[in-house]
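The next block holds one structure in the form of structure tokens; read it before the comments.
The values are calculated or read from the model by the stated rules, or taken from the named source; none is laboratory data. Keep in mind that what you see is a predicted model, and the values were worked out from it rather than measured. Heads up, the Cβs are rebuilt from the backbone with ideal geometry, glycines too, and the neighbour counts pull from every protein chain shown. When the accessible area is computed, the model is the full protein with side chains, heavy atoms only, and any ligands, DNA or RNA have been set aside. Shrake-Rupley method; radii C 1.70, N 1.55, O 1.52, S 1.80 Å.
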Amino acid sequence: VTVEPLSNGVDLSKFGPGKVPQRIYKKFRLPKDKPIVLYVGRVDPEKSISNVVTAFAGVLDEVPEAVLAIVGDGTDRRHLMELTQALGIEKSVRFLGRVYPPEIMDIYRAGTLFATASETETQGIVLIEAAATGLPLVAVDAGAVRELCQHKKNGILCHPGEIEEMTDAMVKILKNDDVRKKYGECSITVAKQHDLNRTLRRFTEIYEEAIELKGKKVQKKRKWFSLG
């Protein structure tokens, strides 16, 4: 039995590196000349965003000019805002709320790296979008994530719940231009494997192969019966 991981795919014609309009920086209060750690997705407890926030607090010890941008909304937003205050990093964190196309594409482009601590990803669509934009990834080794964040190729995989590990991963990428460039270029390559057109084509091939195999089995069974 052959097992092949196959995502739902993303229309990558809409995602890619590019220049960010000045109005995006102004509207979302994002710095143009500072590193931005980006999270995009639901802001709910199961996404473990509190781990990203806590890890980012450690990042500021090494990269004090960095900013964390959290895009999305959900039941954990108030708790996360309180956490940033408790950690004393509220001035370095931006809660952008829900952002819709086409602005979300520019938000990705404004990022320096994408970080998530979610252990519940089954498709990882936002990881594909971030990778397609050319962002290095920092994520945890759980669910389908390792298919998208390939350790030391286009990002760094951390053990679930290991805050210090995540801090070190983000610092390594933010402080090393060569690593950041290498991971970013590889991210685009990884994302191409999850292009919607490729996914649809592969689904069609799989169904055609299954139909052909089924036909051969039926034909073989009929021959067996005819010999009887």
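Counting only Cβ charges, +1 for Lys and Arg and -1 for Asp and Glu, the dipole size of the chain around its Cα centre is about 1140 debye. The length gained by stretching the chain between Ser13 and Ser50 to full extension, at 0.36 nm per residue less their Cα-Cα distance, is 10.1 nm. Spin-label pair Arg29-Ile211: with each label point 7 Å from Cα along the Cα-Cβ axis, the two points sit 5.6 nm from one another. Sequence-ordered 3J(HN,Hα) estimates for region 146-160 from the Karplus curve with 6.51, -1.76 and 1.60 and θ = phi - 60° stand at 5, 6, 10, 9, 8, 3, 6, 10, 10, x, 10, 8, 10, 6, x Hz, glycine and proline given as x. Ranking Ile211, Ser50, Tyr183 by how far each Cα lies toward the positive end of the dipole of the chain (charges on Cβ) leaves Ile211 at the top. Counting protein heavy atoms only, the chain has 51 percent of its accessible area on carbon and sulfur, 1.4 angstrom probe. Near Val71, once Lys and Arg are set to +1 and Asp and Glu to -1 for all other residues with Cβ below 14 Å from its Cβ, the sum equals +2. Just so you know, the averaged projected area of the alpha carbon convex hull for the chain sits at 14.7 nm². Normalised by 2.2 N^0.38 Å, with N the number of residues, the alpha-carbon radius of gyration of region 90-197 equals 1.02. Remark on region 36-137: hydrodynamic radius 13.6 angstrom, per the Kirkwood mean of 1/r across alpha carbon pairs.
With a/c under 1.5 counting as rounded, go ahead and sort region 20-77 into rounded, prolate or oblate using the C-alpha gyration tensor (a ≥ b ≥ c being the square roots of the eigenvalues; past the cut-off, prolate if a/b is larger than b/c, else oblate). It is oblate, given that a/c is not under 1.5 and a/b is not larger than b/c.
Annotation for Glu65 and Glu90: the two label points, set 7 Å from Cα along the Cα-Cβ direction, are 2.6 nm apart.
Assuming a ≥ b ≥ c are the square roots of the Cα gyration tensor eigenvalues, decide whether region 54-111 counts as rounded (a/c under 1.5), prolate (otherwise, with a/b larger than b/c) or oblate. Oblate is the answer for region 54-111, as a/c is 1.5 or above yet b/c matches or exceeds a/b. When only the Cβ of Lys, Arg, Asp and Glu is charged (+1, +1, -1, -1), the dipole of region 60-129 relative to its Cα centre reaches about 240 debye.
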